[in-house]
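Notes to accompany the following structure.
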Amino acid sequence: MSTKQIAIDGPAGAGKSTIARMVADRLGFIYIDTGAMYRAAALYLLRGNIDPADERASAAAVAGADIRLVNENGNQKILLNGEDVTGQIRTQEVGAAASLSSRYRAVREKLTGLQREIAEKENVVMDGRDIGTTVLPDAQLKIYLTADASVRAKRRYDQLAAKGTAGLSPDEIEAEIRARDRQDMERKNSPLRKAEDAVLVDSSDLSIDEVCAAILKEYQKVCR
């Protein structure tokens, strides 16, 4: 393996994207937002009037989607068939569609292939649910980043409250997070689980800087 690969997996709300971006920035690596890629696939389905609950139709349609991540002036953009859709994939509708379509084997295989192509050419930090177990099983460093569900719920509530969009209570958000955890861990294709050789990092009582420092310390151990 000529490139360096760091895989960060973990449940929803553990802070994977924030930490992965920070680690990538510190090391000068490319950050790969796999969640954005699944959202782009979902947007493609919605634009084609494909029901994301229909596995067969979704699998057939996504085969024709060209989904790419590009970095311009330090900013990552997601391209769908050459169009910049970075600002269009964060809607609730697209998120709901992605939750459905991302469970399908054909969809996951399509995007896994694209993610591996990037990792074969660039030094990457990639986060998701199955990076260390499926996408990059030979990554030099695998991290399983987690936090207590109540802590993840509080963080999410504070984020939404800061934006003035906290429509749910912390308890309601925690219930949603626990349900998402069960869905991710029990899904048939590429379920969320800690890779055997992954380092467990619990961020419940750690700051963002402390989590980043812990991961960089682990990187130095394996990639000196």
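The values are calculated or read from the model by the stated rules, or taken from the named source; none is laboratory data. Note that the structure is a prediction, hence the values are computed from the model and not measured. Glycine gets a Cβ as well: all are built from the backbone with ideal geometry, and neighbour counts include every protein chain shown. Protein only, heavy atoms only, side chains kept; ligands, DNA and RNA dropped before computing areas. Shrake-Rupley method; radii C 1.70, N 1.55, O 1.52, S 1.80 Å.
Brief remarks follow.
- For a paramagnetic label modelled on Thr18 (point 7 Å from Cα along Cα→Cβ), amide N atoms under 18 Å away belong, within segment 185-207, to 201-207.
- Cα Rg, Dmax (largest Cα-Cα span) when computed across segment 50-99, Å: 12.6, 39
- Restriction of the trypsin sites (Lys or Arg not before Pro) in segment 122-211 to DSSP coil positions whose beta-carbon has at most 12 other beta-carbons within 10 angstrom yields Lys188.
- Computed magnitude of the charge dipole of segment 3-130 (debye, nearest 20; Cβ of K, R +1, Cβ of D, E -1): 200
- In nm, spacing of pseudo-spin labels at Glu117 and Ala96 (7 Å Cα→C-beta vector): 3.2
- Taking only protein heavy atoms and a 1.4 Å probe, the accessible area of the chain is 46% carbon and sulfur.
- Computed from the C-beta positions of Ala162 and Ser2 and an R0 of 45 Å, the FRET efficiency is 0.60 to the nearest 0.05.
- Accessible area expressed per residue, the chain, with surrounding protein chains retained (probe 1.4 Å, Å²): 51
- 27 Å Cα-Cα reach of Lys4 towards lysines, excluding residues that sit fewer than 8 places from it in its own chain: Lys16, Lys77, Lys110, Lys121, Lys142, Lys194, Lys217, Lys221
- In this structure, Glu109 and Val70 have a Cβ-Cβ separation that, at R0 = 25 Å, corresponds to a calculated FRET efficiency of about 0.65.
- The chain: proportion of alpha-carbon pairs further apart than 27 angstrom, %: 32
- Fraction of beta bridges assigned by DSSP in the chain that are antiparallel (%, nearest 5): 30
- Placing a label point 7 Å from the Cα of Ala179 along the Cα-to-Cβ direction, the residues of segment 50-71 whose backbone N falls under 20 Å of that point are 52-54.
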